[in-house]
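**Q** The structure follows.
The values are calculated or read from the model by the stated rules, or taken from the named source; none is laboratory data. Quick caveat, the model's predicted, so the values are computed rather than measured. Note: ideal-geometry Cβ built from the backbone for every residue, glycine included; neighbour counts use all protein chains shown.
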Amino acid sequence: MLFTSPEFVFAFLPLTFLGFWLLSAINQTAAIVWVTAASLYFYAFWEVSYLWLLVPSIGLNYLAGVAIGRLGGRRRWLMAAAAIVGNLGVLAYFKYTAFLMVNASWALGLELDVPSIALPLGVSFITFQKIAYIVDVYQGKVRYQEPLRFALFVSFFPQLIAGPIAHHGEILPQLRERLGVQASNVAAGMSLFAVGLFKKVIVADGVAGIANAGFRATAAGGHLTFEAGWASALAYTCQIYFDFSGYSDMACGLGLMFGIRLPVNFMSPYKAASIIDFWRRWHITLSRFLRDYLYIPLGGNRKGAGRRWLNLWITMTLGGLWHGAGWTFVIWGAYHGTLLMLNHAFRSIVPAPTRPSPVRSAASVLVTFVAVVFGWVMFRAESVSSALLMMKSMLAIGSTTAPATVMLGWTEWVQISVAVAAVWLLPNSMQIFRSVTPALGDIPPLRPAWAGWRPSAAWAVAMACAVAMTMLPNRAPLAFLYFQF
């Protein structure tokens, strides 16, 4: 059941919200049970068997957290380590078994039977959220543990499949307060959901065909022209941003309707003036997780510049592997790790100007954007060789006539140009809704302030039109890109 599907928009969401509205006025526990049950149904809608993984993992992680909180000394450490290894073991089995066996077969020259293991939806996000909880309990950051609220924290349907990755300390205090329906939150949440829906269906899915045609051609060994290569890469760059940030907007909007604020996940990443800045704006909750639970435990920046850069590289490479079991993801992560190392090294040699000129600022944004685009080529490609073919076309190395499926007209270029202009020139969703605190985290003020969202007839009409437009495309709804991770 996709957020973009009619059954979600016109059936599941209204019924779940109505039940929450009625129950929250009577009994808080009943309201929490209702939303938790609805969230489990939402997950089971994809595949009922997924519940046999999700429900026991919720119970086991809760019990592990209780045990860690009560134990002391070495037993406390052993329990935390066992819980973390158990969570990672489940993730490794479902996500990396085939990848490891294929590479072992190649390295050892063996003929191994590689099993086909279905990847449960959202397992990577759910695993990280549970690990963060276990570590926080071990470090004494979790003050109270309640089974029902913990179950809702893990399974809450807006962020269950693809985040944002929330910390226990961000959500549980909200669940301990009196949950209820506030008209201002509902209005803002519905509007933010509509914005995310528009970004996904109209913009992301609109350019998806351009990206898919180009990457399919290179996967088949085809060579693209310079223009077709850049069109495909730019289309995917826009697709993944509007797809994932659209999902995050919808998740935050849905959470707001139920009185729960999720953490900010995007902050205009393509306006970043450096790779360091990019990773402070892109998939913020993943960057935070990798920093807190991998980079800092590795030593962070406490052991000198060389060790700091190595820790960065290891963190980003493993972050790439988290996205998918494939060498393209590993290389993408290592690529960004290398760029971060170079960025930090450059900053240590050349101090940033106090007030950079507009030309320098624009050049920094453009260079960063191009570096990110090349990274997305490796991320999207079906193999390393097809990624290199795409990059060759973008560098005008050995390009030939593009296949007919990638021939570009003015319509495709307008779509790409409008999408790129939007990410550079328009404010982001969080800024537009800043007046109602749509999510947890720092949100820069919107200028001009009058352009921000407010409860009015004009905004209601605009959002209704946005939702109506998403129902017009004569194509099947596409799954969110990050569902595969």
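**Q** Inside region 145-257, counting only helices (runs of 4 or more DSSP H) that do not spill past its ends, which hold 1 or more residues that are closer than 22 Å to residue 15 by Cβ?
**A** On the way: elements: 147-155, 157-160, 168-176, 183-198, 205-219, 226-257.
Those helices (runs of 4 or more DSSP H) span 147-155, 157-160, 168-176, 183-198, 226-257.
**Q** Considering each residue of region 42-64, count those that are touching a residue at least 12 places away in the same chain (Cβ under 8 Å) and either of a type outside the set (Gly, Ala, Ser) or outside the structural domain of residue 149 (by TED's automatic domain parsing) (or both), and give that number.
**A** Qualifying residue count for the region: 13.
**Q** Scan region 10-21 for residues that are under 30 Å from residue 204 (Cα atoms), among the aliphatic types (A, V, I, L, M) and surrounded by fewer than 18 Cβ atoms within 10 Å (Cβ to Cβ) and report the count. Write out each step before concluding.
**A** Filtering region 10-21 down to residues under 30 Å from residue 204 (Cα atoms) leaves 10-17.
When the remaining residues are screened for being among the aliphatic types (A, V, I, L, M), the result is 11, 13, 15.
Of the ones still in play, those that are also surrounded by fewer than 18 Cβ atoms within 10 Å (Cβ to Cβ) are 11, 15.
Going through region 10-21 one residue at a time, the tally reaches 2.
**Q** Suppose the filter is assigned to a loop (DSSP other than H, G, I, E, B), within 26 Å of the chain's Cα centre (by Cα), crowded, with 20+ Cβ neighbours inside 10 Å and of a type in the set (Phe, Trp, Tyr); does residue 3 pass it? Talk me through it step by step, then tell me what you get.
**A** Working: assigned to a loop (DSSP other than H, G, I, E, B): yes; within 26 Å of the chain's Cα centre (by Cα): yes; crowded, with 20+ Cβ neighbours inside 10 Å: yes; of a type in the set (Phe, Trp, Tyr): yes.
Yes; evaluated as a whole, the condition is true for this residue.
**Q** Here is a check on your reading of the model: is residue 58 within 29 Å of residue 143 (Cβ to Cβ), among the β-branched types (Val, Ile, Thr) and touching a Lys or Arg at 6+ places or on another chain (Cβ under 7 Å)? Spell out the reasoning first.
**A** Values: within 29 Å of residue 143 (Cβ to Cβ): yes; among the β-branched types (Val, Ile, Thr): yes; touching a Lys or Arg at 6+ places or on another chain (Cβ under 7 Å): no.
Taking the combined requirement at face value, the residue does not satisfy it.
**Q** If you check every pair at least six apart or on different chains, which have Cβ atoms under 7 Å apart with a residue in region 379-392 that is in the same structural domain as residue 227 (by TED's automatic domain parsing) and exposed (fewer than 15 other Cβ atoms within 10 Å of the Cβ) first and a residue that is in a helix (DSSP H, G or I) and among the hydroxyl-bearing types (Ser, Thr, Tyr) second?
**A** From region 379-392, the pairs are 383/328; 384/328.
**Q** Then there's this: Kindly indicate the residue of region 270-282 that is without any contact (Cβ under 8 Å) to a residue 60 or more places away in the chain and either within 13 Å of the chain's Cα centre (by Cα) or buried (at least 19 other Cβ atoms within 10 Å of the Cβ) (or both) and also farthest from residue 126 (Cα to Cα) among those meeting that condition.
**A** My answer is 281.
**Q** If you don't mind, there's one more thing I want to ask. State yes or no: is residue 391 within 24 Å of residue 267 (Cβ to Cβ) and modelled with pLDDT of 85 or more?
**A** no
**Q** While we're on this one: Tell me yes or no: at least one residue of region 132-148 is closer than 17 Å to residue 290 by Cα and in contact with a Leu (Cβ under 8 Å, 6 or more places away or on another chain).
**A** Checking region 132-148: not a single residue is closer than 17 Å to residue 290 by Cα and in contact with a Leu (Cβ under 8 Å, 6 or more places away or on another chain).
**Q** Determine whether residue 411 is without any contact (Cβ under 8 Å) to a residue 12 or more places away in the chain, outside any helix (DSSP H, G or I) and not charged (D, E, K, R).
**A** Working: without any contact (Cβ under 8 Å) to a residue 12 or more places away in the chain: yes; outside any helix (DSSP H, G or I): no; not charged (D, E, K, R): yes.
So residue 411 fails the test.
**Q** How about region 22-43: which of its residues are surrounded by fewer than 16 Cβ atoms within 10 Å (Cβ to Cβ) and in a helix (DSSP H, G or I)? Break it down into steps so the answer makes sense when it comes.
**A** Our first condition is that a residue be surrounded by fewer than 16 Cβ atoms within 10 Å (Cβ to Cβ); within region 22-43, this holds for 22, 25-27, 29-30, 33, 37, 41.
Passing the criteria: 22, 29, 30, 33, 37, 41.
**Q** While we're on this one: Contact list please: Cβ distance under 8 Å, first residue in region 26-37 and polar (S, T, N, Q), second residue assigned to a loop (DSSP other than H, G, I, E, B) and modelled with pLDDT under 95, pairs at least six apart or on different chains.
**A** Pairs found: 28/178; 28/179.
**Q** Give me the pairs, please: first residue somewhere in region 306-332 and touching a residue at least 60 places away in the same chain (Cβ under 8 Å) and outside the structural domain of residue 382 (by TED's automatic domain parsing), second residue anywhere and assigned to a helix (DSSP H, G or I) and of a type in the set (Lys, Arg), beta-carbon distance under 9 Å, and either six or more positions apart or on two chains.
**A** What qualifies is 322/95; 324/95; 325/95.
**Q** Just give me the residues in region 451-484 being of a type in the set (Phe, Trp, Tyr) and not in a helix (DSSP H, G or I), in sequence order.
**A** Initially, region 451-484 is screened for residues of a type in the set (Phe, Trp, Tyr), giving 453, 459, 480, 482-483.
Hits for region 451-484 are 453, 480.
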